[in-house]
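To keep things clear, I will list the structure first and then write my remarks on it.
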Amino acid sequence: MTYIHAPATYDFRERSIMYGPVSDMVPSTPIFEMYPLGLTTLCEYLERHGLRARIYNLASMMLHKKNFDVEKNLARLSSHMFGIDLHWMPHCHGSVEVAKVLKRLHPHVPISFGGLSSSIFHEDLIKYDCIDYVFRGDSTEEPMRMLVERVARAAKTHTPVGDLSDIPNLTWKDAEGTIHINPLSWVPDDMNAISLDYDYPMKGVLRHHDMTSYLPMKGWLSYPVTASLTCRGCARNCATCGGSAYAFKNHFGRRRVAWRDPDLLIRDIEHVQEHIWGPIFVLNDFLQAGEEYTHRFITGLKNKVQNPIGFEFFGPPPGGDEFYQLLDDNLGNWSVEISAESHNDEVRKAFGKGHYTMAELEETIVDALSHENCERFDLYFMTGIPKQTAASVRETGAYVQHLYERVNYDPRLVVLTSPMAPFLDVGSIAFDNPEAYGYRLRARTFEEHRERMILPSWKHIMNYESTYMSADEMVDATYDAALDINRIKGEHGILDAGMAAGVDARIRQAREQMNRLDDVLRNGTGRIDARLAALKEEFERLSESTVAEKSELNWAFDVKPTHAKHLAKLWLSNEPANALAKLTGKWRPAASAFPYPDQESGTLSPAWNADGTPNCTFKGMATDGMGDGRALADEGGAQVAAFGSVVAPGFSEANTNAAFSAENAQLEAGRAGTAVGVGEAAAIRAEAARTAERDPLLEQMMAEERERAELAAREGAGSAAGASAKAAARDARGFKGAGGRGGARDARKLEKLRDRKPRG
């Protein structure tokens with residue numbers, strides 16, 4: 001089994017697209033070459049069960065190697081089956097284009113898709129000739145094993161794969177091309193059967209002698225950031241989030257958060273830092289699991305963490321200073337990140353974050369920074385959310401000024417802002433009910449999203465427009481807020497003066513370039529792609545560190561002699577054995593050495609039974625733990641949710657998000673074609689299947705796309721279009737991401753700035 005991670009836009013090296021600040025808040029480049037953690041858990045699970053699997057990060061290869069020939073390299077791959085992740089929707093273009101190439105090069109090898117976005121658009125995807133299987137849900141390790149075993153057996157015996165109706169969560173085509181949708185019934189209650197200890201990718205690199213195809217992102221070797229995942233699912237309901245409780249319940253079959261046992265989480269972190277010296281992000285707010293879980297996890301880390309470690313929280317941690325003291329008592333250093341989205345409480349309430357106020361968030365920032373062991377506190381804002389006007393966005397700078405004044409301009413507070421781009425999350429409450437949240441969708445269907453990914457800038461690519469501010473207003477307001485925040489950080493030594501000057505120049509140049517682009521599109525003549533070609537170099541230069549210095553994301557870290565020792569041990573324990581296995585025509589599994597159990601479907605999690613009938617209401621039950629934002633408390637405010645649900649300390653009806661109260665229980669789930677009986681076909685709700693209004697720019701560019709395709713079809717690979725594409729420069733190494741030597745150098749420079757400031 002070969003899992004291939006595609007770039008966001010397949011032919012990004014040839015196209016002129018100003019991606020802008022879409023990736024400024026993540027370590028990867030605008031191509032989003034960082035593959036989801038699920039690829040590593042799938043590969044390890046298959047290897048554990050005697051099946052060979054590998055990761056092939058095609059996006060990484062295209063970024064790292066000049067004139068990398070995609071088709072030539074994909075043709076060399078030999079596999080019984082190919083898997084392509086479509087977890088994040090920005091990969092909608094690249095994933096399908098790669099599938100088309102694979103099917104042409106390997107016509108008899110089946111291709112599967114999976115991931116959260118695949119789950120939502122499974123009925124669209126299965127209709128493509130190049131796609132044979134689509135998995136739905138968030139935990140498909142065991143169903144995937146069932147399918148891969150079946151496909152491998154058929155390939156070896158030269159027999160048909162046969163009936164696959166017993167494999168849960170699978171949408172598939174049979175030998176006659178008939179589409180079948182199996183019930184989404186495989187939803188494990190916990191995350192304890194999968195490996196997140198990074199054993200598989202390290203062993204995979206040694207077995208294949210191929211570092212680049214396994215690299216998570218551009219520049220990772222200089223900035224080896226890792227992630228530890230606490231759960232699958234969420235108990236919160238942010239309106240635009242495709243990973244909210246609403247989305248998991250209505251689209252992915254999950255009505256209960258699946259937690260990873262704290263002891264396993266601690267073991268993951270210990271094992272990772274033996275070999276990798278970069279920072280460790282603990283993703284998904286573990287405070288949702290309750291006080292007992294929180295205490296077991298934090299106290300269990302004592303004397304076991306040397307790497308920088310940071311925690312993602314969905315709001316101010318309950319207990320304030322007492323909680324941060326718990327971190328201090330058990331960790332030598334720690335960091336926090338919270339996405340407030342807006343400084344305006346009413347806007348944040350409409351977004352789904354009304355369970356705390358900005359006054360409460362300010363208090364938690366002050367509390368955190370009063371602790372010596374707090375290394376940094378990252379605070380994120382976003383533009384484009386419900387009820388947010390351009391004026392509100394522009395007020396962000398004044399609020400940030402106030403916030404920095406309150407903490408005496410402590411440089412450990414890192415404030416960042418970015419637009420909600422390129423997409424409003426598919427499957428989110430707002431995507432399924434756009435009018436109720438003040439949005440007009442520019443794209444509804446899967447193909448409409450694919451088309452938008454080749455448009456000339458992030459302003460055009462966006463799949464939505466807010467009724468509270470136009471796309472042009474959003475662009476200008478985003479740049480204005482970013483300029484203010486950058487100026488504040490530069491004036492008060494929070495950001496290096498040279499870096500601040502560079503960001504200021506890039507923001508202003510990006511704004512000018514967007515205006516120039518608009519002029520080219522409005523007043524130019526002839527083909528759009530030809531008009532944009534002259535802007536390509538500037539587009540790429542202004543598509544990273546646009547609204548903030550990307551290296552601000554980086555944490556400084558140290559490489560210790562023990563890392564070299566453990567890496568040498570890993571090499572010695574694997575390389576000779578791999579070489580011997582290769583000589584004898586065998587292969588060594590790259591599975592984790594830890595005895596994980598087999599994955600089992602849950603009894604408390606699935607929102608559907610095996611026959612496709614619902615086992616709970618979509619609109620929330622008091623003890624579900626994923627009740628679409630309704631209060632999980634009795635009339636007295638006492639908690640009624642069980643473990644695995646929302647039992648965060650202090651949770652009660654009083655602080656439940658008022659913006660997601662009972663009136664939102666009437667919202668409709670969009671493309672939830674998942675609750676189907678055996679043998680039945682799911683039907684996409686008419687509103688969700690309705691196409692969006694077409695705009696002239698998109699129509700013209702799609703006409704040019706069709707012309708190109710027709711020319712290539714008539715004249716074959718030797719056509720003028722094909723020759724032109726082959727002759728074009730394919731060097732995308734200008735995209736740097738957060739890593740590389742420059743990123744590491746800047747991180748050390750910023751760390752010195754923070755260390756120079758008095759604390760407390």
Can you name the residue in segment 219-228 that is touching a Gly at 6+ places or on another chain (Cβ under 7 Å) and open to solvent by less than 10 Å² (accessible area, probe 1.4 Å) and, of all such residues, is farthest from Thr294 (Cα to Cα)?
-> Tyr223
Name the pairs whose Cβ atoms lie under 7 Å apart, with the first residue in segment 409-434 and within 30 Å of Asn333 (Cα to Cα), the second among the small types (Gly, Ala, Ser) and open to solvent by less than 10 Å² (accessible area, probe 1.4 Å), and 6 or more positions between them or separate chains?
-> Leu416/Ala548; Thr417/Ala481; Thr417/Ala482
Would you check if Asp85 is out of contact with any Gly (no Cβ under 9 Å at 6 or more places or on another chain), more than 23 Å from Gly162 (Cα to Cα) and among the acidic types (Asp, Glu)?
-> no
Within segment 325-334, identify whether any single residue is open to solvent by less than 50 Å² (accessible area, probe 1.4 Å), polar (S, T, N, Q) and free of Cβ contacts under 8 Å to residues at least 40 places away in the same chain, and answer yes or no.
-> yes
Asp163 fails exactly one of (1) touching a residue at least 60 places away in the same chain (Cβ under 8 Å); (2) part of a loop (DSSP other than H, G, I, E, B), namely (1)
For segment 488-502, state whether one or more residues are surrounded by 24 or more Cβ atoms within 10 Å (Cβ to Cβ), at negative phi and not in a helix (DSSP H, G or I).
-> yes
Hey, can you tell me all the residues within segment 263-280 that are open to solvent by 20 Å² or more (accessible area, probe 1.4 Å), more than 17 Å from Asp190 (Cβ to Cβ) and not in a loop (DSSP other than H, G, I, E, B)?
-> Glu270, His271, Glu274
List pairs: first in segment 449-471 and touching a residue at least 12 places away in the same chain (Cβ under 8 Å), second in a strand (DSSP E or B) and buried (at least 24 other Cβ atoms within 10 Å of the Cβ), Cβ under 6 Å, 6+ apart or cross-chain?
-> Ser457/Met18
Pairs under 7 Å by beta carbon, first residue free of Cβ contacts under 8 Å to residues at least 24 places away in the same chain and farther than 14 Å from His275 by Cα in segment 202-216, partner of a type in the set (A, V, I, L, M) and assigned to a helix (DSSP H, G or I), six or more apart or different chains?
-> Met211/Val205
Residue set Ser370, Ser428, Ser418; condition open to solvent by 10 Å² or more (accessible area, probe 1.4 Å), closer than 30 Å to Ile31 by Cα and among the polar types (S, T, N, Q); output residue Ser418
Note on segment 229-262: residues surrounded by 23 or more Cβ atoms within 10 Å (Cβ to Cβ), assigned to a strand (DSSP E or B) and not aromatic (Phe, Trp, Tyr) are Arg232, Arg254
Within the set of pairs 6 or more residues apart or between chains, which connect a residue that is touching a residue at least 40 places away in the same chain (Cβ under 8 Å) and polar (S, T, N, Q) inside segment 501-513 to a residue that is surrounded by 13 or more Cβ atoms within 10 Å (Cβ to Cβ) and outside any helix (DSSP H, G or I) with Cβ atoms less than 9 Å apart?
-> Gln513/Met18; Gln513/Ser457; Gln513/Leu535; Gln513/Leu542
Of Glu176, Glu149, the only residue that is surrounded by fewer than 23 Cβ atoms within 10 Å (Cβ to Cβ) and assigned to a helix (DSSP H, G or I) is Glu149
Which of the residues spanning segment 219-228 are part of a loop (DSSP other than H, G, I, E, B) and on the phi < 0 side of the Ramachandran plot?
-> Trp220, Leu221, Ser222, Tyr223, Pro224, Val225
Output the number of residues of segment 378-399 satisfying the condition of being closer than 17 Å to Ala359 by Cβ, hydrophobic (A, V, I, L, M, F, W, C) and under 27 Å from the mean Cα position of the chain (by Cα).
-> 2
Would you check if there is a residue in segment 454-469 being over 25 Å from Gln513 (Cβ atoms), assigned to a helix (DSSP H, G or I) and either of a type in the set (D, E, K, R) or open to solvent by 20 Å² or more (accessible area, probe 1.4 Å) (or both)?
-> no
Could you please give the count of residues in segment 187-218 that are touching a Lys or Arg at 6+ places or on another chain (Cβ under 9 Å), open to solvent by 30 Å² or more (accessible area, probe 1.4 Å) and part of a loop (DSSP other than H, G, I, E, B)?
-> 3
Output for segment 227-282, where each listed residue is of a type in the set (S, T, N, Q) and within 20 Å of the chain's Cα centre (by Cα) = Ser228, Thr230, Asn237, Thr240, Ser244, Asn250
Within segment 703-720, restricting attention to residues that are among the aliphatic types (A, V, I, L, M) and under 34 Å from the mean Cα position of the chain (by Cα), which residue is modelled with the lowest pLDDT?
-> Ala709
Taking segment 152-171 as the search range and keeping residues that are in contact with a helix residue (DSSP H, G or I) (Cβ under 9 Å, 6 or more places away or on another chain) and either of a type in the set (Ser, Thr, Tyr) or buried (at least 24 other Cβ atoms within 10 Å of the Cβ) (or both), which one is nearest to Ala607 (Cα to Cα)?
-> Asn169
For segment 110-133, enumerate the residues that are open to solvent by 10 Å² or more (accessible area, probe 1.4 Å), touching a Phe, Trp or Tyr at 6+ places or on another chain (Cβ under 7 Å) and of a type in the set (Ser, Thr, Tyr).
-> Tyr133
Give the residues of segment 685-702 that are charged (D, E, K, R), open to solvent by less than 80 Å² (accessible area, probe 1.4 Å) and modelled with pLDDT under 90, sorted by residue number.
-> Arg685, Glu687, Asp695
Given (1) open to solvent by 20 Å² or more (accessible area, probe 1.4 Å); (2) farther than 22 Å from Arg15 by Cα; (3) in contact with a Phe, Trp or Tyr (Cβ under 9 Å, 6 or more places away or on another chain), Asp484 misses just (3)
Criterion (open to solvent by less than 10 Å² (accessible area, probe 1.4 Å), at pLDDT 90 or above and farther than 30 Å from Tyr464 by Cα) met by exactly one of Phe377, Phe313 | Phe377
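The values are calculated or read from the model by the stated rules, or taken from the named source; none is laboratory data. This is a predicted model, so every value here is computed, not measured. When we count neighbours, we look across all protein chains shown, and the Cβ atoms used for this are built from the backbone with ideal geometry, even at glycine. Heavy atoms of the whole protein, side chains included, go into the accessibility calculation; ligands, DNA and RNA do not. Shrake-Rupley method; radii C 1.70, N 1.55, O 1.52, S 1.80 Å.
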